[in-house]
Amino acid sequence: MKLGPAAVATALVAIAFSGCGGSSTSSSPTTTTATTTSSGTGSAAVTPPPGTPAALRGVHGGVLLAGDLPGFVPRGYSAPRTSAQSAVAEYPPERRASEAARLKALGFIAGIEERLAPTTGGSVNEEAISLVSQFRSAHGANGEVAAGIKLALARGESAFAVPGIPGARGFGSTGSPPDANVAFPVGAYYYLVGFSSSTATRAQLIAAAQRLYSRVRG
């Protein structure tokens, strides 16, 4: 699972905000320090950090809660991304300009990324992610989903079906630990949830994504 900036944007590292619009556990460039209002390894919910746009604080800004993905609890958020440039700040220097241009063309507005930690400690490489990005239109959110699956397949990952969520795509790899991600659009919003763990399963991730979808679809 690779954690990373938002694009496939906002999401794709091990779990990443891989591109900028979305993050994934298999492709994001680097991780950032999360901010949290809780103590210990996690809590039922974590308050979005200062600077989070109002549109991402309401129902459409939903992320995973404790209990959604067995074995993981919210740990905190990375700083909100409020421009295409900030969304790709953690990318390798040679990729930043092209990724920022891609996100800007899709109409990226802002995104937040929540990290989740194993409830039992887990290994240093195990974690989960939940992110949401707002675009100017449904075209942008759909484009981010398409970009994410395209990048995942190019990396040699496998795709899997995600029932019950219109437009959702699942992808992942069998590494050590394995990782899996589910990305889906809801109007102008893009969502991605993922994990890098030897204990979580794709079926559990799909169920978590379905719970999230039921809360954010409006």
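The values are calculated or read from the model by the stated rules, or taken from the named source; none is laboratory data. None of the values given here were measured: they were computed from a predicted structure. Don't worry about glycine lacking a Cβ; one is built from the backbone with ideal geometry, like all the others, and counts go over all protein chains shown. We work out accessible area using only protein heavy atoms, side chains counted, and drop any ligands, DNA or RNA first. Shrake-Rupley method; radii C 1.70, N 1.55, O 1.52, S 1.80 Å.
Points to keep in mind about this one:
- Among (1) under 23 Å from Ser98 (Cβ atoms); (2) modelled with pLDDT under 95; (3) within 17 Å of the chain's Cα centre (by Cα) - the single one Arg155 does not satisfy: (3)
- Of all residues in the stretch 80-96 being in a loop (DSSP other than H, G, I, E, B) and not hydroxyl-bearing (Ser, Thr, Tyr), the one that is least open to solvent (accessible area, probe 1.4 Å): Val88
- Counted residues, the stretch 158-187 - those being within 15 Å of the chain's Cα centre (by Cα) and among the aliphatic types (A, V, I, L, M): 5
- Close contacts from the stretch 197-214, counting a first residue that is part of a helix (DSSP H, G or I) and a second that is of a type in the set (Ser, Thr, Tyr), with Cβ to Cβ under 9 Å and a gap of 6+ residues or different chains, come to Ala208/Ser130; Ala209/Tyr191; Leu212/Ser130; Leu212/Tyr191; Tyr213/Tyr191.
- Residues of the stretch 173-200 classified as open to solvent by 10 Å² or more (accessible area, probe 1.4 Å), over 18 Å from Ala117 (Cβ atoms) and not hydrophobic (A, V, I, L, M, F, W, C), total: 7
- Tally of residues being charged (D, E, K, R) and either under 24 Å from Val216 (Cβ atoms) or surrounded by 18 or more Cβ atoms within 10 Å (Cβ to Cβ) (or both) across the stretch 151-165: 1
- When restricted to residues that are among the polar types (S, T, N, Q) and farther than 21 Å from His60 by Cβ, the stretch 203-218 contains 1.
- Some residue of the stretch 82-97 being touching a Leu at 6+ places or on another chain (Cβ under 7 Å) and not β-branched (Val, Ile, Thr): yes
- Any hit, the stretch 62-79, residues being at pLDDT below 95, crowded, with 22+ Cβ neighbours inside 10 Å and of a type in the set (S, T, N, Q): yes
- Near pairs, Cβ below 7 angstrom, 6+ apart or cross-chain, from the stretch 93-111 (closer than 19 Å to Ser130 by Cβ) to any residue that is among the hydroxyl-bearing types (Ser, Thr, Tyr) and open to solvent by 20 Å² or more (accessible area, probe 1.4 Å): Ala110/Thr82
- Ala138 vs. criteria buried (at least 18 other Cβ atoms within 10 Å of the Cβ) and of a type in the set (Gly, Ala, Ser): no
- Selection of first residues in the stretch 142-156 that are under 11 Å from Phe171 (Cβ atoms) and of second residues that are open to solvent by 10 Å² or more (accessible area, probe 1.4 Å), restricted to Cβ pairs under 6 Å at least 6 apart or on distinct chains, gives the following pairs, ordered by first then second residue: Val145/Arg169; Val145/Pro185; Ile149/Arg169.
- Selected residue (only one of Gly170, Gly148 is assigned to a strand (DSSP E or B), in contact with a strand residue (DSSP E or B) (Cβ under 6 Å, 6 or more places away or on another chain) and open to solvent by less than 30 Å² (accessible area, probe 1.4 Å)): Gly170
- Within the stretch 157-185, the set of residues being within 15 Å of Ala128 (Cα to Cα) and charged (D, E, K, R) comprises just one member, Asp179.
- Residue within the stretch 105-124 that is within 16 Å of the chain's Cα centre (by Cα) and not in a strand (DSSP E or B) present: no
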